[in-house]
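One structure is given below, encoded as structure tokens.
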């Protein structure tokens, strides 16, 4: 049975490939752990995470990523605060209100927005937004976590919109129809019935967006200010974890403490993002893979 | 002559038992209808016969099913399915030409000879009462056919692999009366050579074409007899109620 | 009162949609205005020149570098992604194992690209001794796009009507045959579209190549073990080092044009295929 042999062969090969590739994440985590092991043996993880002094080369050696962790979280949550209301409104618009022709313009537009490289967003943010802040508010440097949040919000917006729209569309039409039949207005039904039912999908997309914002490197590199100080406010300059890695890895001597410390930073970053992803996976608990 | 022997057949999806101690025989060269209310297990029984029930997760079974004396669960599933044709409720036209639809199975099983392939196409489409309508457009895409035609195409496709038995799961429920009539006619003709089991919601259909009828309820066979008897003089109270429209 | 809230909400909904559309348009328009003049044929043909390097001349080596990187990334990622996507969709039985694999791949898609770069840096650049090289960069990009491609390919395969699979199963036909004759012919357009989008993703990624492959200036001869220039990194350098704002805009415009072309091609493929072949 030629065909059956072919099928079995194909099945085995694809299974082997699939299994091996799924382990990619584990390989990455393993590497991060291995390269950073001495650091974990040297410091207490809590001190590493919360210490605000980062001086990995010149003694006294201090390894604390508290400032950078704070910058990452601030910039990411800030981006979400700006993006979520706008994205949700846009998703609702697309799903419920947009006329066909407009929707057909808007959807590809969203895909294009997700395709624009982060470095271009970073560049435009730095060349335009930061300059604007400098002129408008008469400061010497318009760079700040706030500016970075704005640009990041713009970057994650399309993802939230696309995935939230799917979630809203997935709500069975019977709900909308029965609610409308009672005689209430469409916006009322949208806010009171449909959005709550789409909650899971929407939350899932928000978690995804957080991951993207927290992990984004180029945009924050060009806009957040790259200052190794604990950010006092949203308008301070800061250096998120991703920027720290990007800026210092080039000059770190392989296998030096500095090098190992940067891998420790990387491990923290990937763990934060991955754990949130997995958590949301279980909470949302459907096999709807959100679009990246 | 007995074509199918089902002995002590029980199935579960997870913890939920769907079929309960099914014991039955199905005759060769005849049409047997399986009727019963929704959820009684008739589709599961059908899918147990062609071994597609096990494609759903958590499917478990106990008992044996013999087709012409051969235990169909002893083989690999694909080999078993080859000999048992199944036509679904939804008319499915594969995204190929009409001809390639019919030849889909034969090509898979290695048939290459041009003249044999042509013969199969004409043969099966004729038996499916579709030949006259499509003989001039065999290369056209099958999706252009009407629902009734697609369903007859599905029958032709099933016949093309020479099944020992043909199963149909409510094949006419989405079709108009005219198409239904055509299909019922062709089934009666097919039954001169092949055992046919048809699950149907339509009692009149059973009366029109089935030699014997099986009545199922809650995963059990309640009664099985000549169709005539089932309608006019069933032994079981539940059967009587169902056939008179009181339940189901 | 309700009427007021309703109108308010409707304005917000419409406003947000239009805002997004206008943002995209103005973004691209602004880039065209600012970078259009510098984006000449010479710009594409020549290597960087002037002092500091990049104030004059062109960005040819960066274009070449990006193309090389994409090529390697696709070579590394396409076949594994196809096989993995096919296995997960057509063969794997729902089980804890399948779930775990899916979660692993999905999580991998969410890993920050700088981390992917770091991983390849530790393993390829340092441990295997490749140094900052095209090879390392290409592999980093390949690893970055792999999970995204798997997820897209799964979507493409699942979009094919499952009735076909049932009809095939009833005939006793194997999944491989179904793939060959029905499923892939029905989904290849969408799959290619996914690959195009992944190419775009790889072309624009800066962080991973910054740590594994990119150089400020390099001949970019195609040598696997040499550092390369790449468009997104070049953009970063042009701006960050204050070399040339005009050229930076031109580079950004070029990148966006590339993305638009890839996106349009991807869209064209999937729109044509919606002539449903039921």
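The values are calculated or read from the model by the stated rules, or taken from the named source; none is laboratory data. All values reported here derive from a predicted model rather than from experimental measurement. Here Cβ is always computed from backbone atoms with ideal geometry, including for glycine, and neighbour counts include all displayed protein chains.
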(request) Could you check residue C:182 against (1) within 11 Å of chain B (Cβ to nearest Cβ); (2) under 30 Å from residue A:259 (Cα atoms) and say which number it fails? (result) (2)
(request) Residues that are within 14 Å of chain C (Cβ to nearest Cβ) and closer than 23 Å to residue A:84 by Cα: find the helices (runs of 4 or more DSSP H) completely inside the range A:166-236 holding 1 or more of those. (result) A:186-189, A:199-215, A:218-223
(request) Give, as residue ranges, the helices (runs of 4 or more DSSP H) completely inside the range A:41-154 that count at least 2 residues that are under 20 Å from residue A:168 (Cβ atoms) and without any contact (Cβ under 8 Å) to a residue 12 or more places away in the chain. (result) A:66-92, A:100-115
(message) Given (1) surrounded by 18 or more Cβ atoms within 10 Å (Cβ to Cβ); (2) facing chain A (nearest Cβ under 7 Å); (3) free of Cβ contacts under 8 Å to residues at least 60 places away in the same chain; (4) under 30 Å from residue A:210 (Cβ atoms), identify the lone condition not met by residue C:103.
(response) (1)
(message) Just to verify a result, which residue in the range C:156-173, among those that are more than 7 Å from every other protein chain (Cβ to nearest Cβ) and farther than 11 Å from residue B:78 by Cβ, is surrounded by the most Cβ atoms within 10 Å (Cβ to Cβ)?
(response) C:156
(request) With respect to residue B:30, determine if the residue is more than 11 Å from every other protein chain (Cβ to nearest Cβ) and in contact with a strand residue (DSSP E or B) (Cβ under 6 Å, 6 or more places away or on another chain). (result) no
(message) Checking the conditions here, which among C:266, C:250 is part of a helix (DSSP H, G or I) and facing another protein chain (nearest Cβ under 10 Å)?
(response) C:266
(message) Can you tell me which condition residue C:117 does not meet? The list is (1) within 22 Å of the chain's Cα centre (by Cα); (2) under 23 Å from residue A:11 (Cα atoms); (3) within 12 Å of chain A (Cβ to nearest Cβ); (4) modelled with pLDDT of 90 or more, and all the others hold.
(response) (2)
(request) Only residues that are buried (at least 18 other Cβ atoms within 10 Å of the Cβ) and more than 7 Å from every other protein chain (Cβ to nearest Cβ): list them for the range A:97-109, please. (result) none
(message) On the basis of being touching a helix residue (DSSP H, G or I) at 6+ places or on another chain (Cβ under 7 Å), more than 9 Å from chain A (Cβ to nearest Cβ), under 22 Å from residue C:133 (Cα atoms) and crowded, with 24+ Cβ neighbours inside 10 Å, does residue C:228 make the cut?
(response) yes
(message) Filter the range B:77-93 down to the residues that are under 13 Å from the mean Cα position of the chain (by Cα) and more than 21 Å from residue B:151 (Cβ to Cβ) and list them by number.
(response) B:83
(message) Being in contact (Cβ under 8 Å) with a residue 24 or more places away in the chain, within 10 Å of chain A (Cβ to nearest Cβ) and within 22 Å of residue C:241 (Cα to Cα) is the requirement here; does residue C:53 meet it?
(response) no
(request) Collect the residues in the range B:208-225 that are in contact with a strand residue (DSSP E or B) (Cβ under 9 Å, 6 or more places away or on another chain), closer than 20 Å to residue B:166 by Cβ and surrounded by fewer than 24 Cβ atoms within 10 Å (Cβ to Cβ), keeping them in residue-number order. (result) B:209, B:211, B:212, B:224
(request) Among the residues of the range C:62-87, count how many are within 20 Å of the chain's Cα centre (by Cα), more than 19 Å from residue C:120 (Cβ to Cβ) and in contact (Cβ under 8 Å) with a residue 40 or more places away in the chain. (result) 6
(message) Within the range A:113-153, take every residue that is more than 24 Å from residue C:234 (Cβ to Cβ), touching a helix residue (DSSP H, G or I) at 6+ places or on another chain (Cβ under 7 Å) and within 13 Å of chain C (Cβ to nearest Cβ) and give me the one that is surrounded by the most Cβ atoms within 10 Å (Cβ to Cβ).
(response) A:153
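What number of residues within the range A:160-187 are without any contact (Cβ under 8 Å) to a residue 24 or more places away in the chain and touching a helix residue (DSSP H, G or I) at 6+ places or on another chain (Cβ under 7 Å)?
Result for the range A:160-187: 6.
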(request) Could you please find all residues in the range C:5-22 being within 7 Å of chain A (Cβ to nearest Cβ) and under 30 Å from residue C:256 (Cβ atoms)? (result) C:12, C:13, C:14, C:16, C:17, C:20, C:21
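With A:270, A:276 as the choices, which residue is part of a helix (DSSP H, G or I), surrounded by fewer than 20 Cβ atoms within 10 Å (Cβ to Cβ) and facing chain C (nearest Cβ under 9 Å)? Please lay out each step first, then the result.
Numbers: A:270 fails: surrounded by fewer than 20 Cβ atoms within 10 Å (Cβ to Cβ).
So the residue among A:270, A:276 that is part of a helix (DSSP H, G or I), surrounded by fewer than 20 Cβ atoms within 10 Å (Cβ to Cβ) and facing chain C (nearest Cβ under 9 Å) is A:276.
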(message) Just the residues that are closer than 23 Å to residue B:196 by Cβ, part of a helix (DSSP H, G or I) and without any contact (Cβ under 8 Å) to a residue 40 or more places away in the chain, please, taken from the range B:56-112.
(response) B:77, B:78, B:79, B:80, B:81
(request) Would you mind finding the one in A:183, A:201 that is modelled with pLDDT under 90 and at positive phi? (result) A:183
